[in-house]
Amino acid sequence: MSHHIVEVKDLAFTYPDRTPALQGISFRIHHGESVAIVGANGAGKSTLLLHLNGYLTPTGGQVRIGDYPLTRETLREVRRTVGMVFQDPDDQLFMSTVFDDVAFGPLNLDLPVDEVTARVDKALATVGLSHLKERPPHRLSSGQKRRVAIASVLSMAPDILVMDEPSSGLDPRARRQLIELLRSFHHTKIIATHDLDMVVDLCERTIVMHEGRVKADGPTMAIFGDAELLESCCLEKPLRMQGCPLCNK
């Protein structure tokens, strides 16, 4: 059994006002892959991610994590396997100290206190924030909050990291630090983002969504080299692939 595999088959979701958000989404992600989910605003990226560990229930189709179909009965096990980092870290940080936020998940697994402490220390060391473990989260910078949110997921020891716009709101230095951090992880990674240059740095495979459907799925550089595809999905090439506007090269 491999808990690292993510399989989505004919996934559909309709909002209560009958607006279709996902329409027949299918793909399979294997152990160790780093996969980007890209698309214009409203393409369905965030809605898709919220199905991968049961925050939303599909109106059709199925999600499987390893050998587990995602159901009410398997939800607890799936959430131990799939760690979700939300777009806004404030949605994940609600305790009085950084340590308490990172410890929240492991404590809810009923782990021994010594093991919880060891997991928190390891997760904070991984993101380079051990020195801030007693700091209130609301006093952190955006980049630091992002790292703490990632640490709070790592402390759960997931096999799969799912991240929604992880570079949103970061300054250039914090963004570069985040990219280097994510490069060091050997997890299966699924990243929804508008930051196409980050995709080039991190993801060998890209899935393009448009109006709730998968429009393309393939090697990242091939996807970003297809000008017609990008235009049809309201996307542009990553900046590094656009050439110099002054010398037209």
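FYI, it's all coordinate maths here, none of it is from the lab. Note that the coordinates shown come from a computational prediction; the quantities given were computed from them, not determined experimentally. Using ideal geometry, Cβ is built from the backbone for each residue, glycine included, and neighbour counts are taken over all protein chains shown.
When the dipole is taken about the Cα centre of the chain, and only Lys, Arg (+1) and Asp, Glu (-1) are charged at their Cβ, what size is it in debye, to the nearest 20?
Dipole size: approximately 300 debye.
Could you work out, for the chain, what percent of all Cα-Cα pairs fall into each 10 Å distance bin, beginning at 0 Å and stopping at the bin that holds the largest distance?
Answer for the chain: a P(r) of 7, 30, 35, 21, 6, 1, 0 percent.
Of ILE37, SER130, ASN53, which is farthest towards the positive pole of the stretch 35-134's charge dipole, taken about the Cα centre with +1 and -1 on the beta-carbons of Lys, Arg and Asp, Glu respectively?
ILE37
Given H placed 1.01 Å from N in the peptide plane, which residues other than close sequence neighbours of THR14 have an amide H under 5 Å from its amide H?
Here ALA21, THR59 satisfy the definition.
ILE191: net charge of surrounding residues, Cβ under 15 Å, Lys/Arg +1, Asp/Glu -1, itself excluded?
Net local charge, ILE191 excluded: -3.
Pop out the ³J(HN,Hα) list for the stretch 92-103 in order, Karplus 6.51 cos²θ - 1.76 cosθ + 1.60 with θ = phi - 60°, rounded to Hz; leave Gly and Pro as x.
10, 10, 9, 8, 7, 9, 4, 4, 5, 5, 6, 7
In whole Hz and in residue order, list the ³J(HN,Hα) couplings for the stretch 167-179 that follow from phi through the Karplus curve 6.51 cos²θ - 1.76 cosθ + 1.60, θ = phi - 60°; x for Gly and Pro.
9, 4, x, 8, 6, x, 5, 5, 5, 5, 4, 5, 4
Can you list the lysines whose alpha carbon is less than 18 Å from that of LYS133, not counting same-chain residues fewer than 8 positions off?
LYS122, LYS145
Given 0.36 nm per residue, what is the gain on full extension from ALA118 to HIS131 after removing their alpha carbon distance, in nm?
Result: 3.2 nm gained on full extension.
Quick one: compute the contact order of the stretch 44-164, relative version, from alpha carbon pairs under 8 angstrom and 6+ residues apart, as a percent.
34
Suppose R0 equals 45 Å. What FRET efficiency, 1/(1 + (r/R0)^6) with r the Cβ-Cβ distance, do LEU107 and CYS234 give to the nearest 0.05?
The calculated FRET efficiency here is 0.55.
For LYS215, list long-range residues whose amide hydrogen, built 1.01 Å from N in the peptide plane, is under 5 Å from its own amide hydrogen.
VAL208, MET209, HIS210
Would you please give the residues with an amide H less than 5 Å from that of ARG205, counting only those at least 5 places away or on a separate chain, with H modeled from the backbone geometry?
For ARG205, whose amide H was placed from the backbone, the distant partners under 5 Å are SER34, ALA36, THR220.
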